[in-house]
Amino acid sequence: MILHLDLDAFFSAVEQLHKPSLRGKPVIVGGTGRRGVVATASYEARKFGVGSAMPIVEARRRCPNAAYLTPRFQAYRAASRVVMGVLAEVSPLIEQVSVDEAYVDLTPTHPGVDVPAVTELAEGIRARIHQVTGLTASIGVGTSKLIAKIGSDLNKPDGLTVVPPGSERELLAGMPVRRLPGIGPATQERLHKFGMHVVGEVAQATEQEIVGILGQAHGRAVHQHALGRDNRELEPERDAKSVSAEETFSRDLTDRRELMEHARRMAERVVGRITKDGLCARTITIKVRSYDFSTITRSFTLDQPTDSLPKVLAGVRQLLDAVEVSDGIRLLGVGVAGLTAFAQTDLLSDLLAEIGDEPDEVLPVKVTEDLPSSKGFGWTAELNDEPADTELTPDWRPGQDVVHAERGAGWVQGAGLGRVTVRFEGPHTGPGPIRTFRSDDPELEVGEPPVW
Ligand code: TTP
Ligand code: MG
């Protein structure tokens, strides 16, 4: 039995906890500049059709009255640690997938647990998380990671789904193929071409048919998943210092365009993963295994850490351009390392880019030979968990924690024209009063997030 937990509207839920005046109201967290995108929207804001990855400009059109806040990753990481601590009381076998998401393997600690007992256990976890953090979590329980993950999404928010063993295939049958792991837009498109739109249609085909469409490795995995089978183990010691993705191809690839298409999809996954955790990367790496199994990794290090997909893609393209592919590439990997907490300087460089002032980056390429036997990339970069926010404060940012010499703790509600508006409230107060100050008021300082 595997349990998958995913917190509800995580960033905005933390904001609503820390800012009582926003409870029950639409809250949107993201880059608030003109080019910014939505990281997440509270369920009140989702009613207006606002969701993750939507441009902020579009969100403002749909939901002009929402509170628009910049992310406070330090606060989210603190909340995440408390939640993961609750899970650690249940079982030592935990794989934390991202800041608000984890798998728990109940097999060793709760052997032979039945559906009623596991339901009670999961409800207990949800209640405990709510009790200690005020956050709501959705949980799915099933016989595999695949089923648990799909389950946690079924009754979101604040819900539980226990999938009884044996009913997996039936559960999946009517779902769009896109819901299976490893099926992105390109794979979906290919399955659609062969008339397969829902998972049940893939399950009814033979494995050979699916392998014929998607290639050996991918096809087999997708067919197994469609049958509700998934024997992936948890990876409890995931390396948080680097993130990578790799693909083994069903045939050796020689076409650069095709290789770059695969690289793009992997880069999207990798960048998606780090932005979700509020991290920026300094090092970009590709790993290339040739037809004869010789393997190289190539990497370079940027001057500034970044979480920008275009920048990562530009780097990947440059690295890939320098690799000989004409004899055939068997495996391609894309990774980032040198992860640091979200850098305020990136907002600045985005602003510069907006006014067309960004210098073209010339990237020095470092070549390292990889041991063919080594698994993964073997990065050693340190995860720097220091908040980068407080050093460079070009402006007061909406949502930011502040402290006033006399009035105490509050948060920035708005700023501009030499003024800053602060609301003085915290997790344990009622909705608080608003005051406006000069933005260089010496009594006003950058504050810390409230503790849990
Ligand atoms: P999710 O769990 O995908 O989203 P969520 O928790 O906001 O909402 P849900 O109730 O549907 O689970 O992601 C967790 C957090 O990761 C989210 O609060 C914000 C961040 N995130 C991004 O920064 N960018 C993204 O594109 C996504 C999807 C999430
Ligand atoms: Mg979530």
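Here is how the numbers come out for the structure above:
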quantity: Using θ = phi - 60° and Karplus 6.51 cos²θ - 1.76 cosθ + 1.60, couplings along region 437-452 (whole Hz; Gly, Pro as x); calculated: 10, 5, 5, 9, 4, x, 7, 9, 10, 5, x, 9, x, x, 8, 7
quantity: Accessible surface of the chain [probe 1.4 Å, protein heavy atoms]: carbon and sulfur percent; calculated: 52 percent
quantity: Backbone HN-Hα couplings from phi across region 279-295 [Karplus 6.51/-1.76/1.60, Hz, Gly and Pro as x]; calculated: 10, 10, 10, 9, 10, 10, 9, 10, 10, 10, 10, 8, 3, 8, 6, 6, 10
quantity: Backbone HN-Hα couplings from phi across region 60-69 [Karplus 6.51/-1.76/1.60, Hz, Gly and Pro as x]; calculated: 5, 5, 6, 9, x, 8, 6, 7, 9, 10
quantity: Computed log₁₀ I(q)/I(0) - Debye formula, equal Cα scatterers, no solvent, region 1-118, q 0.14, 0.15, 0.21, 0.22 Å⁻¹; calculated: -0.66, -0.72, -1.04, -1.11
quantity: Reciprocal mean inverse distance between Cα atoms of region 197-304 - Kirkwood radius, Å; calculated: 16.6 Å
quantity: Amide H partners (placed H, <5 Å) of Ser439, local residues excluded; calculated: Arg419, Val420
quantity: Solvent-accessible heavy-atom area per residue, rounded to whole Å², over the chain at 1.4 Å; calculated: 48 Å²
quantity: Hydrodynamic radius of region 54-193 per Kirkwood, over alpha carbon pairs, in Å; calculated: 17.4 Å
quantity: About the Cα centre, charge dipole magnitude for the chain (Lys/Arg +1, Asp/Glu -1 at Cβ), debye; calculated: 1140 debye
quantity: Debye log10 I(q)/I(0) for region 110-159, one point scatterer per Cα, at q = 0.25 Å⁻¹; calculated: -0.99
quantity: Scaled radius of gyration (Cα, divided by 2.2 N^0.38 Å) that the chain gives; calculated: 1.05
quantity: Nearest-0.05 FRET efficiency for Arg81 and Glu120, computed from C-beta distance (R0 25 Å); calculated: 0.45
quantity: Potential extension, Phe194-Glu261 segment - 0.36 nm per residue separation minus Cα distance; calculated: 22.0 nm
quantity: The chain: calculated mean residue ellipticity at 222 nm from DSSP helix runs of at least 4, using -39500 (n - 2.57); calculated: -10000 deg cm²/dmol
quantity: Added length on full extension, which subtracts the Cα-Cα distance from 0.36 nm per residue, Arg438 to Glu89; calculated: 120.9 nm
quantity: Largest-first principal axis extents of the Cα set of region 230-287 (Å); calculated: 34, 33, 16
quantity: Cα-based shape type of region 147-270, given that a ≥ b ≥ c are square roots of the gyration tensor eigenvalues and the cut on a/c is 1.5; calculated: oblate
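The values are calculated or read from the model by the stated rules, or taken from the named source; none is laboratory data. Only a predicted model underlies this, so the values are computations on that prediction, with no experimental measurement involved. With ideal geometry, Cβ positions are generated from the backbone for all residues, glycine too; neighbour counts draw on all protein chains shown. Quick note on the areas: whole protein, heavy atoms, side chains included, nothing else; ligands and nucleic acids left out. Shrake-Rupley method; radii C 1.70, N 1.55, O 1.52, S 1.80 Å.
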